[in-house]
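The values are calculated or read from the model by the stated rules, or taken from the named source; none is laboratory data. Quick caveat: nothing in here was measured; it's all calculated off a predicted structure. Every residue, glycine among them, receives a Cβ derived from its backbone with ideal geometry; neighbour counts consider all protein chains shown.
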Amino acid sequence: MTTQVQSAAHSKPFHVRLPATSANLGPGFDAVGLAMALCLSIDATAAEVFHIDATGRDAALCGALENNLILTTYMDVLANAGILGPRLDLKLHNEIPLGMGCGSSAAALLAGILLASHFGNLDLSSEQILEEAARREGHPDNVAACYLGGMTVSAVSASSVITATCGKDLNWNLLLVLPSSGLATSKARAMLPARYSREDAVANIQATALLVAAFAQGRGDLLRFAMQDRIHQPYRKEACPLLPRLLPLTETPGVFGVALSGAGPSVLIIAENSTAKSLDFVIRQAAGENNVEVIHTQIAGGVLQT
């Protein structure tokens, strides 16, 4: 394949905003993701050298050029297409916690693919973008929810990603409870068994069906059961000590459901808006840690790009 150098005509500035995501939501392992109104925002222009001006959460890590997932994805996508695109100047503002099960890698992967599509003049379709992101991530749940927003269910069939989205307009409060240190997804996946009992599989199928119905119908009352899980959370609780401490909060008035956010170690609590602000003290008391961080956010739409 011939390598081409993109001309300045295809190098106009590009803006993209990508939401954080919480995958699994309990039983929906590798299939369900929820977009949250914590965003990675990027303003990109063609430049003589790669440069990142990063602000916001974990700015030093986000601004590092070495092993930067956004830039390595950007360059790899273009290289696979036989295109040598321009170097980029990125002005980046990050609100997504890194290494906390909030979809930071999915947002970075999608950002790199979208930058490559724009500056490489690839004109990738939505289907191609999702397929490329899911292949690189290894599972579709976070990238699909990040790209499409709301509560997105996803599955991989052959080389395609099949999705369905609902719940974008639900007025529920999302509370992210973050411990002081993160957990690598690879480590969290290594904790899981190779096989499960029929009883555990059936329980998760039933809960996942109710989970989708809860978001599709706005039935917060279903989440107490629908966010229960037997597939991954029981095996990750040793590395995610906040989970067993906060799961009993499902008995607290105003709390709909509690689950690990993604692979953890953060915990996601879904609550009624009318009681959400009063939950901070209850959460900190249950956590038994003074240094936990509680972030209030909402369900978000998907990627915005201009």
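What the table shows:
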quantity	calculated
Selection status of residue 270, in a helix (DSSP H, G or I), aliphatic (A, V, I, L, M), crowded, with 19+ Cβ neighbours inside 10 Å and on the phi < 0 side of the Ramachandran plot	no
From 221, 280, 229, residue being modelled with pLDDT of 95 or more and farther than 18 Å from residue 169 by Cα	229
Selection status of residue 282, within 27 Å of residue 149 (Cα to Cα) and β-branched (Val, Ile, Thr)	no
Residue pairs meeting the criteria (Cβ under 9 Å; at least 6 apart or on separate chains; first without any contact (Cβ under 8 Å) to a residue 24 or more places away in the chain, in the stretch 276-295; second assigned to a helix (DSSP H, G or I))	290/284
Answer from 98, 38, 71, 109 - the residue that is surrounded by 15 or more Cβ atoms within 10 Å (Cβ to Cβ) and under 23 Å from residue 179 (Cα atoms)	38
Matching residues, the stretch 134-180, being on the phi > 0 side of the Ramachandran plot, crowded, with 22+ Cβ neighbours inside 10 Å and either among the aliphatic types (A, V, I, L, M) or not assigned by TED's automatic domain parsing to the domain that holds residue 27 (or both)	none
Residue 233 being under 24 Å from residue 143 (Cβ atoms) and surrounded by 14 or more Cβ atoms within 10 Å (Cβ to Cβ)	yes
Number of the condition not met by residue 240 [criteria: (1) in contact with an Asp or Glu (Cβ under 8 Å, 6 or more places away or on another chain); (2) of a type outside the set (Val, Ile, Thr); (3) not in a helix (DSSP H, G or I)]	(1)
Helices (runs of 4 or more DSSP H) completely within the stretch 88-204 that count 3 or more residues being within 16 Å of residue 232 (Cβ to Cβ)	185-190
Answer from 254, 302, 264 - the residue that is touching a residue at least 12 places away in the same chain (Cβ under 8 Å) and buried (at least 23 other Cβ atoms within 10 Å of the Cβ)	264
Identity of the residue in the stretch 81-95, more than 15 Å from residue 51 (Cβ to Cβ) and among the hydrophobic types (A, V, I, L, M, F, W, C), that ends up surrounded by the fewest Cβ atoms within 10 Å (Cβ to Cβ)	84
